[in-house]
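For reference, the structure discussed in these notes is given below.
Readers should treat all values here as calculations from the given coordinates under stated rules, not as data from a laboratory. Quick caveat: nothing in here was measured; it's all calculated off a predicted structure. So basically every Cβ, Gly included, is an ideal-geometry build from the backbone, and we count neighbours across all protein chains shown.
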Number of protein chains: 2
Amino acid sequence: MPKALITTVPFGDKNRLPFELLENAGIEYLVNPLNKKLTENELAEMVADFDVIIAGTEQITVKVMDRASKLKMISRVGIGLDSVDLLAAKERGISVSYTPDAPAPAVAELTLGLMLSLLRSVHVSNSEMHDGRWRRLFGRRLAEVTIGIIGVGRIGTRVLNRTKAFGTPQILVNDVMPNLKLDREFKLEWVSKETIYQRADIISLHLPLTHLTKNMIRKEQLLGMKEDAIIINTARGGIINEQDLYNVMLAGHLSGAAIDVFDFEPYTGQLSEIQRCILTAHMGSMSVDCRIRMEIEATEEAVRFLTGTALEGGVPENEFEVQRQGL
Amino acid sequence: MPKALITTVPFGDKNRLPFELLENAGIEYLVNPLNKKLTENELAEMVADFDVIIAGTEQITVKVMDRASKLKMISRVGIGLDSVDLLAAKERGISVSYTPDAPAPAVAELTLGLMLSLLRSVHVSNSEMHDGRWRRLFGRRLAEVTIGIIGVGRIGTRVLNRTKAFGTPQILVNDVMPNLKLDREFKLEWVSKETIYQRADIISLHLPLTHLTKNMIRKEQLLGMKEDAIIINTARGGIINEQDLYNVMLAGHLSGAAIDVFDFEPYTGQLSEIQRCILTAHMGSMSVDCRIRMEIEATEEAVRFLTGTALEGGVPENEFEVQRQGL
């Protein structure tokens, strides 16, 4: 009987269908008994017996694969592949699939909510009011500021779409491959990342974690931003250097930030000392509908693999290329 | 030299133009020296010498007017008129103007931000993360819920418009006079308030405080809402009974609330004990652009009055009628 290890948590909480899919296909499964994001060692100790991992964002490294003698497939619940050593998987003949579209609407909507909260200092007033302090804080409307979007793919495009209802903000965009089709719909300027750092009032990141984007935003970039700029990271931890962000905000730079993703999760670092930094627990994809869709799609893919059906969410070659070139 | 008392604070913070308008017209002015919302008594003691009040939301009652022997005009910075005894003003020949359009975009945008934050429990996770606690909370997307809008005027309509970019949520609306033109643009159902209480996942209030709306939502209405409903009040304090809201939420009913307006401001009440209730300090109109526009419009109107020019923002007869009929 084939066995699947489900590492991502929560899983199957809002809809039991993923479990039923596995049961109906005669696949045995274990849900992560530690009920938290696994470390490399924890996963290595757990993985020996399994044919498939239905995976979260935990590190699936050579060390893990070396302990997983039966592993034939990794089915990522979500979009990022920074956690999976794709080349090591390919060498070992381990298939890798993912669900890149499912989380996008939820991440984009969370991002818009964070933008609107940050612009009006809702989080600061809320925190002050809960401490019995009344202070009417000025804010800005979206149409009054310059938005900078770095990464205009599945999620970045959806963020753009959701700004439409708020007037016509000035939007600066940056991506490896500018998508000029969007220019017909939006008042966009395709610019360098450096220009976004300098000119944007809100900077939002929607790009994968790779060797090129790791620590992309450090002290130098943060200090180059406007004094009252706002930065949002709902993409991946590590793209903004956390220590630098802490130091820079502690010193009074930036009017706000919202960080949903961290170098090490669960996060317990110093950013919690910064009141004007909104912190959320990697909840970008956590709308019930998107989460269910991600879990079902990733489970269906695991079932397809184990029942010899053609895969639908196989990771495209360019994702391997990114890791091959150390990009 | 005519004298204007500016009671609303902050005032002239982001743009000095209102002061310049007064100075250029030869009008002496005093900005509220207590730098907070005045009580009836505080205003009564302060008002004796002034021809005009450029007013916030403080109570301008018979008692105040009886002490204001020179008062000839009240120019409200904002929209609500619940704070002004319009009939007493009319009896005394005191003109009343307001700026009903200026705050609407800012209030609508804050409301959308509050909806998105509440749906994803951003405020709860933020508070937990700042206490060193990591918990991934499920949320819902706007398109997945039923929105109930009570009051579909200047602000309610703008809230509707801003939901457009988030898919096509089911929207229930209620107003004294249904605006059926909106049905062409939105998937709306015009229903009773009771139906909204029963069926909506998010209920947002956009109506004035009158004798009819005071305490409109009490324990009975709150308990009639879904257990995981969300309620937002960016309209006026007192429409929701604060004590009842506290009791009902303390007992575990409602999944969230956002309250920007209070019976008595500055607010220091028990809702601060409820973590899942977002509290903000009457900041609906506090975007820099809208606030400046409100201050300039209200000041221009005061200048018009004192220089004998026709008024542009005079309060329409139906507002007097509301108070006359005790509505």
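Calculate, for A:LYS14 and B:GLU40, the FRET efficiency according to 1/(1 + (r/R0)^6) with r their C-beta to C-beta distance and R0 51 Å; round to the nearest 0.05. Here the calculated transfer efficiency is 0.50. Taking the Cα atoms only, what angle lies between the long axis of helix B:154-163 and the longest principal axis of chain B, rounded to 10 degrees? Once rounded, one gets 30 degrees. The modelled label-to-label distance for the pair B:MET1/A:LYS90, using points 7 Å beyond Cα in the direction of Cβ, is 8.1 nm. Taking chymotrypsin sites (Phe, Trp or Tyr not before Pro) in DSSP loop conformation with at most 15 other Cβ atoms inside 10 Å as exposed sites, chain B has its longest uninterrupted site-free stretch at B:1-137.
From its DSSP helices (H runs of at least four residues, each -39,500 (n - 2.57)), the protein assembly as shown gives a residue-normalised ellipticity at 222 nm of -10000 deg cm²/dmol.
To the nearest 20 debye, what charge dipole does the stretch B:138-259 have about its Cα centre, counting +1 at the Cβ of each Lys and Arg and -1 at the Cβ of each Asp and Glu?
It works out to roughly 420 debye.
Rounded to the nearest 10 degrees, the inclination of helix A:104-120 to the longest alpha-carbon principal axis of chain A is 20 degrees.
Whole-Hz Karplus values for the stretch B:262-272 come out as 9, 3, 10, 10, x, 7, 9, x, 6, 4, 5 Hz, taken residue by residue from phi with 6.51 cos²θ - 1.76 cosθ + 1.60 and θ = phi - 60°; glycine and proline positions read x.
Taking 0.36 nm per residue of separation and subtracting the Cα-Cα distance, full extension of the segment from B:TRP190 to B:LYS214 would add 6.4 nm. Scanning residues 5 or more positions from B:VAL96 or on other chains, those with amide H under 5 Å from its amide H are B:ILE74, B:VAL315, with H placed 1.01 Å from N in the peptide plane. Round to the nearest 0.05 the FRET efficiency obtained for A:PHE264 and B:ASN318 when R0 = 56 Å and r is the Cβ-Cβ distance. Result of the calculation: an efficiency of 0.40. Of interest is the spacing of the C-alpha centroids, which for the stretch B:242-275 and the stretch A:74-118 amounts to 38 Å.
Charge dipole of chain A (Cα centre as origin; +1 on each Lys and Arg Cβ, -1 on each Asp and Glu Cβ, all else neutral): 880 debye, rounded to the nearest 20. Ascending distances from the B:LYS219 label point to its copies in the other chains, with the point 7 Å along the Cα-to-beta-carbon line: 5.9 nm.
Within the set A:LYS37/B:LYS219; B:LYS72/B:LYS181; B:LYS187/B:LYS226; B:LYS181/B:LYS226; A:LYS37/A:LYS214; A:LYS164/B:LYS14, which residue pairs have Cα atoms separated by over 32 Å? Each step should come with its number before you reach the end.
Numbers: A:LYS37/B:LYS219 42 Å; B:LYS72/B:LYS181 40 Å; B:LYS187/B:LYS226 21 Å; B:LYS181/B:LYS226 29 Å; A:LYS37/A:LYS214 20 Å; A:LYS164/B:LYS14 27 Å.
Listed pairs above 32 Å: A:LYS37/B:LYS219; B:LYS72/B:LYS181.
Model label points for B:GLU23 and B:ASP66, set 7 angstrom from Cα along the Cα-to-Cβ axis, are 3.9 nm apart. Placing a pseudo-label 7 Å from each Cα along the Cα-to-Cβ vector at B:MET177 and B:LEU30 gives an inter-label distance of 4.1 nm. In the stretch B:104-279, taking the dipole from charged Cβ atoms about the Cα centre, the farthest positive-side position among B:LEU142, B:LEU271, B:ALA258 is held by B:LEU142. Taking amide H as placed 1.01 Å from N in the peptide plane, the amide H of A:ILE231 sits under 5 Å from that of A:ILE203, A:GLY256, A:ALA257, A:ALA258, each at least 5 places away or on another chain. Would you work out the relative contact order for chain A, in percent, from Cα pairs under 8 angstrom that are 6 or more residues apart? For chain A, the relative contact order is 18 percent.
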